[in-house]
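Data first, discussion second: the structure below is written as structure tokens.
Coordinate-derived values only; no laboratory data. The structure displayed is predicted, hence computed values, not measured ones. Virtual Cβ from ideal backbone geometry, glycine too; neighbours counted across all protein chains shown.
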Amino acid sequence: MTDTKHTRLLIIGSGPAGYTAAVYGARAMLAPVLVQGLQPGGQLTITTDVENWPGDTTVMGPDLMARMEAHAREMGTEIVTDTITSLDLSRRPFTALGDSGTRYTADALVLATGAQAKWLGIPGEERFMGFGVSACATCDGFFYRGKEVVVIGGGNTAVEEALFLTNFASKVTLVHRRDSLRAEKIMQERLFRNPKIEVIWDHVPMEVLGDDQPPGVSGVKLRHVESGEERVVRCDGFFVAIGHAPASELVKDQLKLHNGGYVWVESGTTSTSVPGVFAAGDITDHVYRQAVTSAGMGCMAALDAERFLAGADSAAETEARSEAVGEPAA
């Protein structure tokens, strides 16, 4: 038999946006239920040092998320270890089905499902996934102690991954398709100063090379973007760091999306195209994509949800009074 759990405010996702929405929702006495998803804590749980969180000069990503979770619990949020597999936003209360079999119903909903790592889609990538191919240096870097690795990308993610991997690898090669990086200047300076890091400019990866017995990466085939000349770089690990895509699969046919799958919200709010559904964090932010902006949006989403529910309650009370006045005397 399917269990049903009803809540005034359901929050899907447990990154900075989700946990902040939970804190504010609990403070508003909405008794929120937060469903953590496949990766409790979100992307920050696979991040090492966070240096741009206000109030902390340096904080470990997993520690920060553990503190946020504890804060949300302390305020009165019910946190559930489950993953939402389907959503019905066609009517209120909204309905969400969990992988556990639990059916969640809610008067208002905050989507904070974040984003997922992008892959290149080149030959060998999927074949060696988990056997030398990774999108998470903090998860897998330890396995490359004393070995050579390649990182693909040119933004903050790629530079952070490359710098982190120097704690283990004997050499880190960063491959970028352009002749300059998009990463923040302070990150670039750290990268260029590190003697373990070599940068290969104007190249794109064509194939991940490796062996089957035992399975493992042995190198990557690169192609120069202008000349077309190919070369092979030997490596034991291949790390893809080309950004993330919004995790909007649950709502792709129910909410208005834009910019390649990000959930559209009304300017200056977190209101989506469906009244009562709000979105916060990386699922809607294709510009800033920072933990602090996600947290700020989580706050906004909870406050927007509170106002929406207050308005819905007021309308229901008015309707109930009208019906009562119109009833014939007994």
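In the Gaussian network model of the chain, springs joining C-alpha atoms below 10 Å, which of 245, 312, 183 carries the largest mean-square fluctuation?
Checking each option, the largest mean-square fluctuation is seen for 312.
Is it possible to state the helix-based mean residue ellipticity at 222 nm for the chain, with each DSSP H run of 4+ residues giving -39500 (n - 2.57), the sum divided by total residues, to the nearest 500 deg cm²/dmol? What is it? Spell out each step's value before the answer.
Details: 6 runs with 86 residues, N = 330.
Counting only the DSSP helices, I get -8500 deg cm²/dmol.
Could you tell me the center-to-center distance, by alpha carbons, between the stretch 107-136 and the stretch 183-204 in angstrom?
A separation of 24 Å, based on Cα centres.
Show me 236-244, 221-229, 124-132 ranked by packing, highest mean number of other Cβ atoms within 10 Å first.
Details: 236-244: 22.2, 221-229: 12.9, 124-132: 17.1.
With the highest mean Cβ count within 10 Å placed first, the list reads 236-244, 124-132, 221-229.
Whose amide H sits under 5 Å from the amide H of residue 198, counting only residues 5 or more places off or on another chain, with H placed in the peptide plane?
Distant-sequence amide H within range of residue 198: 172, 173, 174.
Quick one: net charge around residue 96, please, counting Lys, Arg +1 and Asp, Glu -1 for every other residue with C-beta under 10 Å from its C-beta. Spell out each step's value before the answer.
Numbers: positive: 5, 103; negative: 82, 88.
My count for the surroundings of residue 96 gives 0.
Give the distance, in whole Å, between the Cα centre of the stretch 1-79 and the Cα centre of the stretch 250-289.
So the separation of the two Cα centres works out to 19 Å.
Please find, in a Gaussian network model of the chain (springs between Cα atoms separated by less than 10 Å), the residue of 182, 91, 193 whose mean-square fluctuation is greatest.
Of 182, 91, 193, the most mobile in the Gaussian network model is 193.
Using the count of nearby Cβ atoms within 10 Å as a rough guide to exposure, how do 77, 173 rank from fewest to most?
173, 77
Under a Cβ-Cβ cut-off of 15 Å, what is the net charge of the residues other than residue 181 that fall near it, where Lys and Arg count +1 and Asp and Glu count -1?
Numbers: positive: 177, 178, 182, 185, 190, 193; negative: 160, 161, 179, 184, 189, 198, 202.
Here the count lands on -1.
At a threshold of 8 angstrom on Cα-Cα distance, excluding pairs fewer than six apart, so keeping six or more, what relative contact order does the stretch 133-240 reach in percent?
Details: 239 pairs, mean separation 32.4, N = 108.
Taking the mean separation of contacting Cα pairs over the length of the stretch 133-240, I get 30 percent.
Remind me, relative contact order of the stretch 35-140 in percent, using alpha carbon pairs under 8 angstrom and six or more residues apart? Please report the intermediate quantities before stating the final value.
Working: 107 pairs, mean separation 22.4, N = 106.
Contact order relative to length: 21 percent.
Multiplying the sequence separation of residue 245 and residue 27 by 0.36 nm and subtracting their Cα-Cα distance, what value in nm do you get? If you can, show how the numbers build up before the last one.
Details: separation 218, 0.36 × 218 = 78.48 nm, distance 3.15 nm.
Answer, rounded to one decimal: 75.3 nm.
Specify whether the C-alpha gyration tensor of the stretch 133-240 places it in the rounded, prolate or oblate class, a ≥ b ≥ c being the square roots of the eigenvalues: rounded for a/c under 1.5, otherwise prolate if a/b is larger than b/c and oblate if not.
Values: a/c = 1.97, a/b = 1.10, b/c = 1.80.
It comes out oblate by the Cα gyration axes.
Top mean-square fluctuation among 122, 12, 283, Gaussian network model of the chain, C-alpha springs under 10 Å?
It is 122.
What base-10 log of the normalised intensity I(q)/I(0) is obtained for the chain from the Debye formula, alpha carbons as equal point scatterers, at q = 0.11, 0.13, 0.14, 0.16 Å⁻¹?
Results for the chain at q = 0.11, 0.13, 0.14, 0.16 Å⁻¹ read -0.77, -0.98, -1.08, -1.26.
Simple spin-label model, 7 Å along Cα-to-Cβ: residue 211 to residue 264 in nm?
In this crude spin-label approximation the distance works out to 5.4 nm.
Going through the cross-link list 118/196; 118/256; 185/252; 147/221, which pairs have a Cα-Cα distance over 24 Å in this structure?
Working: 118/196 26 Å; 118/256 22 Å; 185/252 36 Å; 147/221 18 Å.
The pairs that break the limit, which is 24 Å between Cα atoms, are 118/196; 185/252.
Grab the other residues whose beta carbon is less than 12 angstrom from that of residue 232, score K and R as +1, D and E as -1, and report the net. Mind dumping the intermediate values first?
Values: positive: 221, 223, 231, 234; negative: 207, 229, 230.
Around residue 232, the charge tally is +1.
From the Cα gyration tensor of the stretch 212-260, with a ≥ b ≥ c the square roots of its eigenvalues, which class applies: rounded if a/c is under 1.5, or else prolate if a/b is larger than b/c, or else oblate?
Oblate shape, in that a/c is at least 1.5 and b/c is the bigger or equal ratio.
Looking at the square roots a ≥ b ≥ c of the eigenvalues of the Cα gyration tensor of the stretch 193-330, which shape do they give, rounded for a/c under 1.5, prolate if a/b is larger than b/c, or oblate? Each step should come with its number before you reach the end.
Values: a/c = 4.01, a/b = 3.33, b/c = 1.20.
It comes out prolate by the Cα gyration axes.
Points 7 angstrom from Cα along the Cβ direction at residue 71 and residue 117: gap in nanometres?
Spacing of the two 7 Å Cα→Cβ label points: 2.8 nm.
If I take every Cα pair under 8 Å that is 6 or more residues apart in the stretch 177-243, average their sequence separation and divide by the length, what percent do I get for the relative contact order?
Values: 83 pairs, mean separation 15.8, N = 67.
Dividing the mean separation by the residue count of the stretch 177-243 yields 24 percent.
How high is the FRET efficiency from residue 193 to residue 227, r the C-beta distance, R0 35 Å, rounded to 0.05? Present the calculation step by step, with values, prior to reporting the outcome.
Values: r = 29 Å, r/R0 = 0.84.
After rounding to 0.05, the efficiency reads 0.75.
Give me the distance in nm between label points sitting 7 Å out from Cα along the Cα-to-Cβ direction at residue 292 and residue 129, one decimal.
For residue 292 paired with residue 129, the spin-label model returns 3.5 nm.
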